[in-house]
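One structure is given here, and the rest of the page talks about it.
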Amino acid sequence: MTVHSIRLTERYSGLHSALQGKRLIAFDLDGTLIDSVPDLAAAVAHALKALDLRQPSEAEVRDWVGNGAPVLVEKALTWALQTPPTPALQQRGYDTFMDYYGAAPHVLTTLYSGVQQALQGLHQQGMTLVLITNKPERFIEPLLQHFELLDYFTLWVGGDSLAEKKPHPLPLLHAARTCQIPAAECVMVGDSRHDIAAGKAAGFTTVALPYGYNHGEPIEESHPDLMLSSLTELLATTSQTTKAVE
């Protein structure tokens, strides 16, 4: 968990009406800001190949992402073995996965369209931005730095930063307390049911995106407070602002 500040350089016209009265926005990472599945799938394939097991397709791995690295490896091993792995095999697979992924976590990973613009605009409107992911904390800073997103975030929390991870509300409540902002003035933005469940349990307004990873389920079934097709929709356009003034 690291605290940073940012110097703003551009101006935007306003915020989505759902953000009125809000001061903090928490973002998920994988499937919300970045499409990391290609790199995760490569690491999973490497780990299983090292164990002389068959390797899944990228599409199969896409449905397993969202619960953190240990669960991802466990699902991959269970798929390959057709039975849950022993603790020893789970540990071997996990260690191999972490070594491979940690060496190059952003070779194939891409930033979703509109992310940079949205984060910059939200900062310029005075929003406190935090990152709450189930990804191990050691991978967060290298990814944010690679995509030039590091300075947008006041705080980030990984899946191994605290005693609990999403869908438990603890990471969200921790962020709110650390930033000294009431939960009623906070928003959780994510792509999976775990993001929405954690947000609801923490008392945050929940915003969902349909393009990420949700275990093959429509995110609408989690009943978020707001559905958006792009993060840029969190910003009001100039025309929207003009109409509001009129």
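The values are calculated or read from the model by the stated rules, or taken from the named source; none is laboratory data. What you see is a predicted model, and the numbers here were worked out from it, not measured in a lab. Every residue, glycine among them, receives a Cβ derived from its backbone with ideal geometry; neighbour counts consider all protein chains shown.
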Looking at this structure, is residue 70 free of Cβ contacts under 8 Å to residues at least 40 places away in the same chain and more than 24 Å from residue 168 (Cα to Cα)?
no
Matching residues in segment 95-108 (surrounded by fewer than 19 Cβ atoms within 10 Å (Cβ to Cβ), closer than 27 Å to residue 168 by Cα and of a type outside the set (Gly, Ala, Ser)) number 2
Flag for residue 143 being surrounded by fewer than 19 Cβ atoms within 10 Å (Cβ to Cβ), assigned by TED's automatic domain parsing to the domain that holds residue 206 and hydrophobic (A, V, I, L, M, F, W, C)
no
Residue list for segment 46-60, filter: farther than 14 Å from residue 91 by Cβ, in contact (Cβ under 8 Å) with a residue 12 or more places away in the chain and assigned to a loop (DSSP other than H, G, I, E, B):
53, 54, 55, 56, 57
Could you tell me whether residue 244 is in a helix (DSSP H, G or I), at pLDDT below 95 and surrounded by fewer than 16 Cβ atoms within 10 Å (Cβ to Cβ)?
yes
Just to be sure I understand, how many residues within segment 61-93 are of a type outside the set (A, V, I, L, M), part of a helix (DSSP H, G or I) and exposed (fewer than 15 other Cβ atoms within 10 Å of the Cβ)?
3
When every residue in segment 194-236 that is in contact with a helix residue (DSSP H, G or I) (Cβ under 6 Å, 6 or more places away or on another chain) and β-branched (Val, Ile, Thr) is compared, the one farthest from residue 68 (Cα to Cα) is 232
